[in-house]
C-alpha cells in the first residue's frame, strides 16, 4: 500500500483519488477551498463557494467517453448524477461522426456528486493549501511529500498534481532542484457570454447544439434539473460583442435570431450573464527526452493539459486522463522511474492526440470568428 497525496479536490482530483484508493492505497486529498460540499445538489448551485475554481459557475459538459469512464471506474458518481437529475443527452463522441448517450449537469452539481462519492473512499482535507514540495536525491530528484501553508509536512510515496490550469508545480520543482517541465501553449482567442435557464414545469430543456455564424457561435448545453445554458462564443478581439455582458443586450442579441429565440423564450433565466475569456490551450509534460523532471510526482487533468471550453471536452479529457494515471499507478507504484515513464507513455498514446485535436479545432474556430467578425469596424450592440 502506498501513501498518495492528491493536490486539488476538484472533479479530476477526486476522481483520481478514488480510482487509486480502490487499489488499496491510502489517499489524502488536499483542497485549498475551505467550504465543504452542501447536503443537496440544489444547495451546491445556490450556496457552494469554490473560489479556487474560476469556471465553477460557467457551463460544463460531459461527453460520452466521460460517462464511460464513470460507469466503468466510478459508478457511484454516475448514480449520484442521475439522482441529482442530470440530463441524459446525445452528443458528439470524440470519434468523428459518432453520437452516444451521456449525462451532464452544472459544475457545482458535478462536484457535489463527485464529493459525495469520494467521502467513503479518501481523506479529503479542505482548507489545506500546499505551498511547496519535499524531496530527496535518488539519482533523479524524487518528490517525497508536500509542505502546507501552516508549515505542516506531509510525507508521500507519490504526489499527484490536480491543481488545474493555475498549478504552481513547475515553480515548485525548480525550488527543489528538479528538471524543467515541458510546456506548449496556444494563444487564447475567444470570449464567452453565457446564461442559464430553467424549463417550466412539465417542459423539456433543449438539446445540445453548436451553431456557427459569421463572427460568433451559439452553444446550447443541457444540464441538470431542467436547466440549460446558452453561450455566445465570440473572438476576444470583437469589442462590439463585449456589450453582451449586459443582460438586456444579451437577450436582444440571442432573441434576434429566430432559431435561437426559442432557447430563451422557453425558460426562465436563473441569473445574469456569465462572462469568461483568456482561456488558452496548454499542455505540460514531466518527461523531456525520456528523462523525468522528477520522480514521485504526476500531473492529471488540467494540470497536465487544459483546453478552451467551446467544444466541452475538458471534463471528459480529464476523466480519461485520471483513468490512465490510475492505470500507471496500478502497474508501477513501487517503481518511481517506471511510473513516471509509463504514465507519460500512456498519456501520449491515449490522451495527447485528443488534446492536439481540440487545440487545432479551437484555433480554426477562433480564426473563423475573427475573419467573420469585422473586428475593428463593427458597431456596438445597443
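Checking 133, 169, 190 one by one, the residue that is in contact with a helix residue (DSSP H, G or I) (Cβ under 7 Å, 6 or more places away or on another chain), at pLDDT below 95 and crowded, with 22+ Cβ neighbours inside 10 Å is 190 and no other. Before we move on, is residue 178 assigned to a loop (DSSP other than H, G, I, E, B), more than 21 Å from residue 310 (Cα to Cα), under 22 Å from the mean Cα position of the chain (by Cα) and modelled with pLDDT of 90 or more? Answer is no for this residue. Which residue, of 367, 362, is surrounded by 18 or more Cβ atoms within 10 Å (Cβ to Cβ), under 30 Å from residue 254 (Cβ atoms) and modelled with pLDDT under 95? Matching residue, one of 367, 362: 362.
Where strands (runs of 3 or more DSSP E) fall wholly inside the stretch 204-313, the ranges with 2 or more residues that are surrounded by 22 or more Cβ atoms within 10 Å (Cβ to Cβ) are 216-222, 227-235, 297-299. Figure legend. Inter-residue proximity from the stretch 315-344: first residues touching a residue at least 12 places away in the same chain (Cβ under 8 Å) and on the phi > 0 side of the Ramachandran plot, second residues surrounded by fewer than 23 Cβ atoms within 10 Å (Cβ to Cβ) and not in a helix (DSSP H, G or I), beta-carbon distance below 8 Å, spacing 6+ or different chains. No pairs are indicated. Can you find a residue in the stretch 91-101 that is under 18 Å from the mean Cα position of the chain (by Cα), on the phi < 0 side of the Ramachandran plot, modelled with pLDDT of 95 or more and not in a helix (DSSP H, G or I)? The answer is no; no qualifying residue exists.
Can you go through 66, 8, 85, 24 and tell me which one is under 26 Å from residue 153 (Cβ atoms) and touching a helix residue (DSSP H, G or I) at 6+ places or on another chain (Cβ under 8 Å)?
8
For the stretch 157-175, a residue qualifies if it is over 20 Å from the mean Cα position of the chain (by Cα) and assigned to a helix (DSSP H, G or I), and the qualifying residues are 171, 172, 173, 174, 175.
Counting only residues that are in contact with a strand residue (DSSP E or B) (Cβ under 6 Å, 6 or more places away or on another chain) and farther than 12 Å from residue 286 by Cα, the stretch 338-361 holds 2 of them.
Against the conditions (1) over 24 Å from residue 225 (Cα atoms); (2) not in a loop (DSSP other than H, G, I, E, B), residue 52 satisfies every one except (2).
If you go through the stretch 30-37 one residue at a time, do you hit one that is crowded, with 24+ Cβ neighbours inside 10 Å, closer than 30 Å to residue 335 by Cβ, in contact (Cβ under 8 Å) with a residue 40 or more places away in the chain and within 20 Å of the chain's Cα centre (by Cα)? Within the stretch 30-37 (the criterion being crowded, with 24+ Cβ neighbours inside 10 Å, closer than 30 Å to residue 335 by Cβ, in contact (Cβ under 8 Å) with a residue 40 or more places away in the chain and within 20 Å of the chain's Cα centre (by Cα)), the answer is yes, since at least one residue qualifies.
The values are calculated or read from the model by the stated rules, or taken from the named source; none is laboratory data. Worth saying up front: this structure is predicted, and the values here are computed from it rather than measured. For neighbour counting, all protein chains shown are included, and Cβ atoms are generated from backbone atoms with ideal geometry for every residue, glycine included.
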